[in-house]
Amino acid sequence: MTQVLATTVVVASLYALLAAGYVLVYRATRVLNLAQGDMMTLGGYFLFLGATSVPGAPALSVAAAIVLSALAGFVIYRVLLRPMAGHPIFAAVLVTVTLGILLRAAIVLVYTDRIRHPLPLLGLANPPRRLPGGAVVSTFDLLTVGVAALLFVALFAFLRLSPLGIQMRAAGEKALLAAQRGINFQLLFALSWALAGFAGALAGMLYASNVRLDPSLGVLGLKAFAVALVGGLDSLGGVIPGALIVAAVEVLSVRYGDPLLADVSPFLCLLAMLLVRPWGLFGTKEELERV
Amino acid sequence: MALGGGYFKTTYDGDLALVDTRLRRVTLAALVVLLLVLPRLASPFALDLVTQVALAAVGALALNILTGFAGQVSLGHAGFIAAGAFTTAVLVEHRLPSPLLALPGAALVGAALGVVVGIPALRLKGLYLALGTLALHHVVLYVCGEFQNHWGANTGVSIPPPRLGAWVLKGTTAWYYALTAVAAIVLILSVNLQRSRAGRAWMAIRDREIAAESVGIDVARYKVLAFVWSSALTAVAGALFAYQRAFVSVEAFGFFLAIEYIAMIIIGGLGSSLGAVLGAAFVTLLPYGIDAAVAGLRVPGGAEYYLFPVKFGAFGLLMAVFLVFEPQGLVGIWRRIRNWFSLWPLRYRPLRRAS
């Protein structure tokens, strides 16, 4: 029982990290970034790049990967998404799909599709830990939970307290009004993408260290949609309960049902949510007209 | 050069005709003759490519009905194809491999699935609908995977070649004729659907739903109808896919397949039947084109390894280029070229004519 609980929290933390990227981008630009999963993979490979060029310097590699990923998010917005302003939203969403394809192709081109493990290169180990209550998790599982908690605290503080965060919320709510008050919303949209890249990189580095690194990790990103939608696409606070619900359903269905259900249970949550409350648990009710 | 005038029709028959000028009749006849004699001219490999294009065109035309005409976004196209393919597989497993049963059966399953998706889809729009269809894709794939694990060999289900009485559909040429014919029928169906009452209602809904409703279009009914038509045709494409490959496996129907079909109708030109066919040809032939280019350039050994990511990346890049720079797709380019020639030395048509 405690093991189920512990696994749920660990899985939920990873999903929350990924879903944070979706929500940040969606709040700013109303675009669903279907490449978030591949941006996560990219973060993992940036860590691998650091680990191979400067072996045994984890702090340096992690810092470099974070900076590179955030920069990648910024560049992606500027090059691919900025020209899509004024086009239908779905066209912009498809552009993120092509972005995912391009990222994956680039990764395979450079690193082939072999499975990699950056952790030994960094000179770190990942021993299992026994929690009070008898559950066993790996060290990086714990780290994932910690990082996710920290990220969310930091994001909340940033969006509530810092002037830049408040501007970001304003630009996300109504870009035109924000622009008239002298807010550079283009910069803030780019910043949202950079933050999404940052959150994705955290998820990617943790997953690569904990489990493995290969170019198809992005599939995990698709499952994290369910999290973002269950919590509400534009609600950062909704991500946490959303992640817990989706992770719990997944862990329980695998444990008491069919292992094949692991891939489909998040989508069942998504469908259920779409039927009952399409705007999610904590999202704002948008113009979802009915016939 | 005589192009369809559009303004000077004197009979209803003239207005209804699909092919209205002599130039078009001649071109069309030439195309039909070319398609008929192609097996004598082309190598089996080229013939197989055309067959693949025809098969892809059926799926692309079906998706175009939903996304291009009715404006309903779907990321679940691969799920509908899988549903059709697995309907065939289930029938084969139950010793009913006749295509006379499998094709209507697939269409029925597809139509039912269309209703199942279409009715909840009335509540959802845009991104939410895309997410819903994506979720549906995963659910269908899960059900198909369960079937494959329980009944089929673990890797998939083999499908015998379709058989009508004593006649067996086998060989490159036979498949070429069969699938080209099916594609032609679906193309005509799609063109006529677009002109029909339903098609006009779909386009009105696509352009502005509230306006469509205010002129008396039953939005709910026509949206569900679009889903039903599209998914029934898609499932038929899936059944044909199963027969042609002679093998059905869940792995063939991943999310990427749905993206490929979306790319076809985007690259071809959204909302145009001709565009769907052009896009299907483009996306299907692109990897072979890259193969040929690499072979022609005599890239030094070891390059084969990079071929897969290059093809994958080229596909993504082209899709992005079309989305950003040419949202009208290949059909848009074709129309511009045609207009340039037919209007020269002028630049604009006197009145905008729907073509």
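What follows draws every value from the coordinates through simple rules; no lab data is involved. Because the structure is a prediction, the values reported are computed rather than measured. Don't worry about glycine lacking a Cβ; one is built from the backbone with ideal geometry, like all the others, and counts go over all protein chains shown.
For region B:48-88, state the semi-axes of the equivalent ellipsoid (square roots of 5 times the eigenvalues of the alpha-carbon gyration tensor), sorted largest first and rounded to whole angstrom.
Listed largest to smallest, the semi-axes of region B:48-88 are 19, 15, 7 Å.
What aspartates and glutamates sit close enough to B:K311 to cross-link, taking a C-alpha to C-alpha distance under 17 Å and skipping anything fewer than 8 places away on the same chain?
Cross-link targets: A:D113, B:E260, B:D291.
Could I get the Rg over Rh figure for region B:150-227? Both from C-alpha atoms, Rh via Kirkwood, rounded to two places.
1.25
For region B:68-180, just run the numbers: alpha carbon Rg, then divide by 2.2 N^0.38 Å, N being how many residues it has.
Compared with the compact-globule rule of thumb, region B:68-180 sits at 1.23.
Please state, rounded to one decimal and in Å, the Kirkwood hydrodynamic radius that region A:110-182 gives when every pair of distinct Cα atoms enters the mean of 1/r.
Across region A:110-182, the inverse of the average 1/r is 16.4 Å.
For region B:228-275, what does the equivalent ellipsoid look like in terms of its semi-axes, each the square root of 5 times an eigenvalue of the Cα gyration tensor, given largest first in whole Å? Could the numbers behind the result be given before it?
Numbers: eigenvalues 93, 38, 18 Å².
Semi-axis lengths for region B:228-275 are 22, 14, 10 Å.
In angstroms, what radius of gyration and Dmax does region A:1-93 have, counting Cα atoms only?
For region A:1-93, the Cα-based Rg and Dmax read 16.4, 51 Å.
Using just the alpha carbons, could you tell me how many Å³ per residue the convex hull of region B:19-343 encloses?
169 Å³
Lysines within cross-link reach of B:K223: Cα-Cα under 30 Å, excluding same-chain residues under 8 positions apart?
A:K223, A:K285, B:K125
Based on the Cβ-Cβ distance of B:L343 and B:H150, what FRET efficiency does E = 1/(1 + (r/R0)^6) give at R0 = 56 Å, to the nearest 0.05?
0.35
For region B:197-250, compute Rh as the Kirkwood radius over C-alpha pairs and then the Stokes-Einstein diffusion coefficient at 37 °C and 0.692 mPa s; write the answer in µm²/s, rounded to an integer.
256 µm²/s
Over all alpha-carbon pairs in region A:17-218, figure out the percentage whose distance exceeds 27 Å.
For region A:17-218, the share of Cα pairs beyond 27 Å comes to 33 percent.
Just to be sure I understand the model, the point goes 7 Å from the Cα along the line to the Cβ. What's the resulting B:Y12 to B:F256 distance in nm?
5.2 nm
Evaluate the charge dipole of chain B about its Cα centre and quote only its size in Debye, nearest 20, assuming +1 on the Cβ of each Lys and Arg and -1 on the Cβ of each Asp and Glu.
1160 debye
Please check which bits of region A:259-284 a label hung off A:R212 would reach, taking the label as a point 7 Å along Cα-to-C-beta and the cut-off as backbone N under 17 Å.
From region A:259-284, the list is A:263.
Place a point 7 Å from Cα of A:L164 in the direction of its Cβ. Which residues in region A:45-85 have their backbone N less than 14 Å from it?
Output list for this probe position: A:67, A:70-71, A:74.
Express the relative contact order of chain A as a whole percentage, based on alpha carbon pairs under 8 Å and six or more residues apart in sequence.
34 percent
Which FRET efficiency value, to the nearest 0.05, is calculated for B:L41 and B:L96 with the Förster distance at 41 angstrom and r the Cβ-Cβ distance? Present the calculation step by step, with values, prior to reporting the outcome.
Numbers: r = 38 Å, r/R0 = 0.93.
After rounding, the FRET efficiency stands at 0.60.
Mind jotting down the three principal axis lengths of the protein assembly as shown based on Cα atoms? Whole angstrom, largest first.
The Cα atoms of the protein assembly as shown stretch 82, 63, 55 Å along the principal axes, largest first.
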